[in-house]
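Please treat every number below as a calculation from the coordinates, not as lab data. All of these numbers come straight from a predicted model, not from anything done at the bench. For neighbour counting, all protein chains shown are included, and Cβ atoms are generated from backbone atoms with ideal geometry for every residue, glycine included.
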Amino acid sequence: MAKKRDTVTYKLKKGNKTVYIGKTKNPERREQQHQREGKSFSKLIKSSRRMTEEEARKKEQRDLQEYRRTHDGKNPKYNRDSDG
């Protein structure tokens, strides 16, 4: 049986700045969760098509690695550690 393609990667943006990189099956619900948690951002941008959870996890890791490469090894503001 084929794995479900039900997960997307996304970025929380504040202006042009990325403040969080993540993955979710439900972007609208996840955006509301981030708002309730008090994260300051202006929009949630989907950064992938729907894919399997494993594909999304790998893309999330690549996106975080690229972010760190261009930001002196640091994660986005709300990503806690190297795994996001």
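Here are the numbers:
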{"read-out": "Formal net charge of residues neighbouring residue 26 (Cβ-Cβ distance under 12 Å; K, R +1; D, E -1)", "value": "+3"}
{"read-out": "Rounded to 10°, Cα long-axis angle of helix 27-36 versus longest principal axis of the chain", "value": "30 degrees"}
{"read-out": "Fewest-first sequence of 12, 64 by Cβ atoms within 10 Å of each Cβ", "value": "64, 12"}
{"read-out": "Length-normalised contact order of the chain in % [C-alpha pairs under 8 Å, at least 6 apart]", "value": "37 percent"}
{"read-out": "Local electrostatic count, residue 50, Cβ distance below 10 Å [Lys/Arg +1, Asp/Glu -1]", "value": "+3"}
{"read-out": "Residue order, fewest to most surrounding Cβ atoms within 10 angstrom, among 51, 1", "value": "1, 51"}
{"read-out": "Environment charge at residue 17 (Cβ cut-off 11 Å; Lys +1, Arg +1, Asp -1, Glu -1)", "value": "+4"}
{"read-out": "Option label - Rg/Rh (Cα atoms, Kirkwood Rh) computed here, alternatives (1) 0.97; (2) 0.95; (3) 1.07", "value": "(1)"}
{"read-out": "Residues 34, 71, sorted so that the one with the fewest Cβ neighbours within 10 Å comes first", "value": "71, 34"}
